[in-house]
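Taken together, the values in this text are just the output of simple stated rules run on the coordinates, not laboratory data. Owing to the predicted nature of the structure, the values given are computational and were not obtained by experimental measurement. Note that each Cβ is placed from the backbone with ideal geometry, even for glycine, and that neighbours are counted across all protein chains shown.
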């Protein structure tokens, strides 16, 4: 992005937008290289997203085999002004499996329960549920025709991450 003021303004827009959504679209790769699209509720961490997925589900299996994933957070169809120009942010991300007994797992679970209530805590007691930290490798924020902005790696909002 060109200047700090514009970068900060767009960063705030992206931040507000992803905070307004509760679930994301997830495209993972199967062992045969075939893409698989799904969705998951998510929480927002420090320049990352958290998802908890069952290792029995195809997307959970895929992320454990191949950490590269594409994530789409998109405006609802029924609230969009134009179905062909829905506001959205797309990220190329790297998934990292968090150890169940780690502090990072507890941080992720706290973010998920704060955002989605008791359900994530209940699911976390099931051994097949795994916690993933999704770190952005880059992205794109689109807010209409001809209004698309690249997002830097290491940040959800396009703003340069702190040193």
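Quick look at the numbers
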{"item": "Per-residue [θ]222 nm for the chain (sum of -39500 (n - 2.57) over DSSP H runs n ≥ 4, rounded to 500)", "result": "-8500 deg cm²/dmol"}
{"item": "The chain, relative contact order [Cα under 8 Å, separation at least 6], %", "result": "25"}
{"item": "Nearest 10 degrees, 0 to 90: helix 103-116 Cα axis against the chain principal axis", "result": "70"}
{"item": "Degrees, to the nearest 10: 4-20 long Cα axis against longest axis of the chain", "result": "40"}
{"item": "Inter-probe distance in nm under a simple model that places probes 7 Å from Cα toward Cβ, at residue 127 and residue 145", "result": "5.6"}
{"item": "Spin-label proximity, residue 65 to segment 26-43 - amide N less than 14 Å from point 7 Å beyond Cα toward beta carbon", "result": "28-37"}
{"item": "Solvent-free Debye scattering, log10 I(q)/I(0), computed from the Cα coordinates of segment 1-46 at q = 0.32 Å⁻¹", "result": "-1.07"}
{"item": "GNM result for the chain, Cα springs below 10 Å: residue of 83, 134, 63 fluctuating most strongly", "result": "83"}
{"item": "Per-selection metrics, segment 44-87 (Cα): Rg and Dmax in Å", "result": "14.5, 39"}
